[in-house]
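K.L.:
One structure coming up, written as structure tokens, with questions to follow.
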Amino acid sequence: MNNNQLPKIFVALDFGDEDTTKTFIKKLSPDLCGLKVGKELFTSSGPRLIKWIHEKGFSTFLDLKFHDIPTTVKKACHVAANLGISILNVHALGGSKMMDAAREGVNESDNNPFLVAVTILTSHDEDSLKEIGIQGNLQQTINKLAIDAARAKLDGIVCSAQDIPLVKDTLPDNFIFITPGIRLNDEKDDQKRIMTPKDAIKNGASFLVIGRPVTLSDDPVKTLIKINDEINL
Ligand code: C5P
């Protein structure tokens with residue numbers, strides 16, 4: 001997969017049912033964005049909805065964050081890649097063997113999506129990491145897991161745009177950074193660390209995942225045109 005073949009923005013389809021999702025997607029155009037399908041929507045509507053989205057011309061990021069024994073993750077990544085998606089992800093906490101297996105599963109598919117790792121979920125802090133037995137500094141843990149992902153030949157990581165300068169020097173030049181937590185103004189919702197689209201791209205983000213600023217907008221197309229104009233300046 002080549003970065004330039006994909007839109008810079010992936011809109012997070014955080015809807016629970018197919019009808020609401022389709023009504024929303026029908027307002028959009030594939031020139032303006034790709035679409036991110038997560039666990040809730042995939043569990044309710046699955047591959048059938050992905051096929052429908054692809055028929056409408058959109059690229060997809062399948063955000064299922066696989067984390068299981070290596071063989072299971074290899075098979076899941078293989079099947080996911082064959083859905084024709086453009087990006088998929090696994091948890092780096094599954095370990096190097098699991099990420100190697102994920103890489104093999106994608107390489108053996110008929111498709112060539114970006115395979116990226118989630119390092120530490122943004123819902124964690126140092127106390128909650130300690131609770132599950134991970135000692136040490138949050139940033140060092142994120143850096144270590146990003147390096148593990150690069151060693152397993154994954155294509156990139158999902159991270160806050162604010163983290164990119166802290167991790168990128170130890171990672172390959174063509175490593176991609178997919179950044180949620182994008183806000184057009186100071187509204188944080190439940191995100192802790194936010195950045196504007198333009199600043200995220202300046203910081204080195206390859207793709208922006210944007211949910212509520214687009215899905216809750218009175219005019220999602222206008223909002224997407226504005227963001228695209230801003231990041232293409
Ligand atoms: O509405 P909002 O722009 O906050 O949506 C962000 C999307 O990115 C949601 O689908 C959320 O699950 C996802 N995400 C995130 N932080 C991560 C990984 C994914 O917010 N670290």
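Any read-out appearing in this document is the output of simple, stated calculations on the displayed coordinates, not a laboratory observation. It should be emphasised that the depicted structure is a prediction, and the values quoted were computed from it without experimental measurement. All Cβ positions, even for glycine, are placed from backbone atoms using ideal geometry, and neighbour counts span all protein chains on display.
Okay, residues lined up against (1) outside any loop (DSSP other than H, G, I, E, B); (2) out of contact with any Pro (no Cβ under 8 Å at 6 or more places or on another chain); (3) closer than 19 Å to residue 180 by Cβ:
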{"site": "61", "(1), (2), (3)": "yes, yes, yes"}
{"site": "72", "(1), (2), (3)": "yes, yes, no"}
{"site": "90", "(1), (2), (3)": "yes, yes, yes"}
{"site": "104", "(1), (2), (3)": "yes, yes, no"}
{"site": "112", "(1), (2), (3)": "no, yes, no"}
{"site": "123", "(1), (2), (3)": "no, yes, yes"}
{"site": "134", "(1), (2), (3)": "no, yes, no"}
{"site": "140", "(1), (2), (3)": "yes, yes, no"}
{"site": "149", "(1), (2), (3)": "yes, yes, yes"}
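K.L.:
Of the conditions (1) aliphatic (A, V, I, L, M); (2) surrounded by 22 or more Cβ atoms within 10 Å (Cβ to Cβ); (3) away from the ligand (no atom under 16 Å from the Cβ), residue 79 fails just one. Which one is it?
P.N.:
(2)
K.L.:
Does residue 87 qualify as being out of contact with any Ser or Thr (no Cβ under 7 Å at 6 or more places or on another chain) and within 19 Å of residue 2 (Cα to Cα)?
P.N.:
Considered against the rule, which asks whether it is out of contact with any Ser or Thr (no Cβ under 7 Å at 6 or more places or on another chain) and within 19 Å of residue 2 (Cα to Cα), residue 87 comes out as yes.
K.L.:
Would you check which residues across the stretch 8-31 are within 16 Å of the ligand (Cβ to nearest atom) and within 19 Å of the chain's Cα centre (by Cα) and list them?
P.N.:
8, 9, 10, 11, 12, 13, 14, 15, 16, 21, 25
K.L.:
Only one of 169, 229, 173 is more than 15 Å from the chain's Cα centre (by Cα), in a loop (DSSP other than H, G, I, E, B) and away from the ligand (no atom under 13 Å from the Cβ). Can you tell me which?
P.N.:
Matching residue, one of 169, 229, 173: 173.
K.L.:
Run down 104, 40 and say which single residue is within 16 Å of the ligand (Cβ to nearest atom), over 22 Å from residue 5 (Cα atoms) and charged (D, E, K, R).
P.N.:
Unique residue meeting the criteria: 40.
K.L.:
Among the residues that make up the stretch 8-28, is at least one of them assigned to a helix (DSSP H, G or I), under 21 Å from residue 119 (Cβ atoms) and in contact (Cβ under 8 Å) with a residue 24 or more places away in the chain?
P.N.:
Looking through the stretch 8-28, none of the residues is assigned to a helix (DSSP H, G or I), under 21 Å from residue 119 (Cβ atoms) and in contact (Cβ under 8 Å) with a residue 24 or more places away in the chain.
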